[in-house]
1. Which GluC sites (Glu not before Pro) in the range 1-107 pass both tests, a DSSP loop state and at most 10 other beta-carbon atoms within 10 Å?
2. How many Å³ per residue does the convex hull of the Cα positions in the range 109-172 occupy?
3. With 23 Å as the limit, write out which pairs from Lys24/Lys168; Lys107/Lys135; Lys2/Lys168; Lys135/Lys185; Lys24/Lys185; Lys88/Lys168 have Cα-Cα distances beyond it, or answer none.
4. Using square roots of five times the C-alpha gyration tensor eigenvalues, list the equivalent-ellipsoid semi-axes of the chain in whole Å, biggest first.
5. Provide the three semi-axes, in whole Å and in decreasing order, of the ellipsoid equivalent to the range 72-141 as defined by the square roots of 5 times the Cα gyration tensor eigenvalues.
6. Per residue and in cubic angstrom, what volume does the convex hull of the Cα atoms of the range 6-75 have?
7. Any idea what angle helix 182-192 forms with the longest principal axis of the chain, computed on alpha-carbon atoms, 0 to 90 degrees, nearest 10?
8. Semi-axes of the equivalent ellipsoid for the range 80-195, please: Cα gyration tensor eigenvalues, times 5, square-rooted, ordered largest first, whole Å.
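Only the coordinates and a few stated rules stand behind these numbers; no lab work does. Just so you know, these numbers come straight off a predicted model, no measurement behind them. Every residue, glycine as well, gets a Cβ built from its backbone with ideal geometry; the counts of neighbours run over all protein chains shown.
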Amino acid sequence: MKQALLVIDVQNDFCPGGALAVDKANEIIEPVNAVMRDFDAVILTQDWHPANHASFASNHAGAAPFSEVEMSYGPQILWPDHCIQGTKGAEFHPDLDTDAADMILRKGFDPSIDSYSAFFDNDHRTPTGLDGYLKTRAIFDLTVVGLATDFCVNYSVLDARRLGYDVKVRGDLCRAIDLDGSLAKAIEGMRSAGAVIDER
Ligand code: VGL
Ligand code: ZN
């Protein structure tokens, strides 16, 4: 059985010093590089927003970062500006071994909708193409690592389970934003969706 490693959003803006820094995110980079060789395929995702993206608090008059609004596709947390196309913050962390990747998948480029998941935009309907890529390569077994556990990792894992993949999350190779208990909720949700959470 072919196995793929899905490396979610290991980008400067999610690492210490970045615009939406995830605590201790830098700790996972070397161990993520080290496990890449254990997989038949390595896929990196890259959060890739235009400056006018609807998920940015700065594009909603009077809205504070980390507040929530209702969008046509459901509730949306408003974030600080991050991972803007072509900026340093959107680049992969310089220590990430991007040469080992078979594929780099960008997401979140539609200004009107966020895209946490590697598989679908946040409407859960608009596909990124990753499902087709994996299935046409006969890959049905995924290990997921990266940032952030409770948002892009979580959404990717839930969609992967819905699409029928076997999914393992290397919890030790993920780090979380953790807003109001979102990490515990995400772990519980991924487990009940049938993902294996491997903390080592
Ligand atoms: C992410 C919030 C906004 C993530 C991306 O990678 O988890 N979180 N955009
Ligand atoms: Zn984003």
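1. Details: sites: Glu27, Glu68, Glu70, Glu91; in loops: Glu91.
The qualifying sites: there are none.
2. Numbers: hull volume 5.4 nm³, N = 64.
Taking the convex hull of the Cα positions in the range 109-172, it is 84 Å³ per residue.
3. Values: Lys24/Lys168 21 Å; Lys107/Lys135 19 Å; Lys2/Lys168 14 Å; Lys135/Lys185 29 Å; Lys24/Lys185 20 Å; Lys88/Lys168 31 Å.
Pairs exceeding 23 Å: Lys135/Lys185; Lys88/Lys168.
4. Values: eigenvalues 122, 67, 55 Å².
Ellipsoid semi-axes (Å, largest first): 25, 18, 17.
5. Values: eigenvalues 102, 84, 15 Å².
Computed over the range 72-141, the values are 23, 21, 9 Å.
6. Details: hull volume 8.8 nm³, N = 70.
Considering the Cα atoms of the range 6-75, their hull volume per residue is 125 Å³.
7. Value to nearest ten degrees: 40.
8. Values: eigenvalues 83, 69, 49 Å².
Taking √(5λ) for each eigenvalue gives 20, 19, 16 Å, largest first.
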